[in-house]
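Asker: Handing you this structure, nothing more for now.
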Amino acid sequence: MVSLNDARLPHPLVASLPRSAPSSAAAAPSVGSAGTFAILAGTAVTCTNGTVTGNVGVSPGTAITQTTCPVTGTINAGNAAAVQANSDFFISYDSSRRSRATAR
């Protein structure tokens, strides 16, 4: 009988772990509070005959038009949550652009 403590056998969990990503692979950027939005726009959102599952936000604009379009999340039209999400999105976007530019 072979014991799992036998030094000649790899640990059963180690064999099933995924290999680590190459060091050149970039990690997905954090989008901060923007990640909680299904739709995030700068000036306006229009939804007709659809369903939005999640939060909807507009900033710096405030126009959100819904025609037969239920939203299961919160509607944030130019409020503090939309302003923060917009800011977080652009910080992430700019950071990603800089990372790609220096990687080339």
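The values are calculated or read from the model by the stated rules, or taken from the named source; none is laboratory data. The shown structure was predicted, so the numbers you read here are calculated from the model rather than taken from an experiment. Neighbour counts are summed over all protein chains in view; Cβ atoms, including those assigned to glycine, are modelled from backbone coordinates with ideal geometry.
Asker: For the range 42-82, give me every one of the strands (runs of 3 or more DSSP E) that falls completely inside it and has 2 or more residues that are under 20 Å from V31 (Cβ atoms) and modelled with pLDDT of 95 or more. Before the answer, list the steps.
Answerer: Working: elements: 44-48, 55-58, 63-67, 75-77.
In the range 42-82, the matching strands (runs of 3 or more DSSP E) lie at 55-58, 75-77.
Asker: S20 - would you say it is assigned to a loop (DSSP other than H, G, I, E, B), at pLDDT below 50 and more than 28 Å from R97 (Cα to Cα)? Walk me through it before giving the result.
Answerer: On the way: assigned to a loop (DSSP other than H, G, I, E, B): yes; at pLDDT below 50: yes; more than 28 Å from R97 (Cα to Cα): no.
Against the criterion (assigned to a loop (DSSP other than H, G, I, E, B), at pLDDT below 50 and more than 28 Å from R97 (Cα to Cα)), S20 does not qualify.
Asker: Are there any pairs, at least 6 apart or on different chains, whose C-beta atoms fall under 9 Å, with the first in the range 80-102 and within 13 Å of F37 (Cβ to Cβ) and the second polar (S, T, N, Q) and in a helix (DSSP H, G or I), and if so, which?
Answerer: If the second residue must be polar (S, T, N, Q) and in a helix (DSSP H, G or I), the pairs left are A81/S33; A81/T36; Q84/S33; A85/S33; A85/T36; S87/S33; D88/S33; F89/S33.
Asker: Out of (1) at pLDDT below 95; (2) surrounded by 10 or more Cβ atoms within 10 Å (Cβ to Cβ); (3) among the aliphatic types (A, V, I, L, M), the odd one out for A38 is which?
Answerer: Answer for A38: the failing condition is (1).
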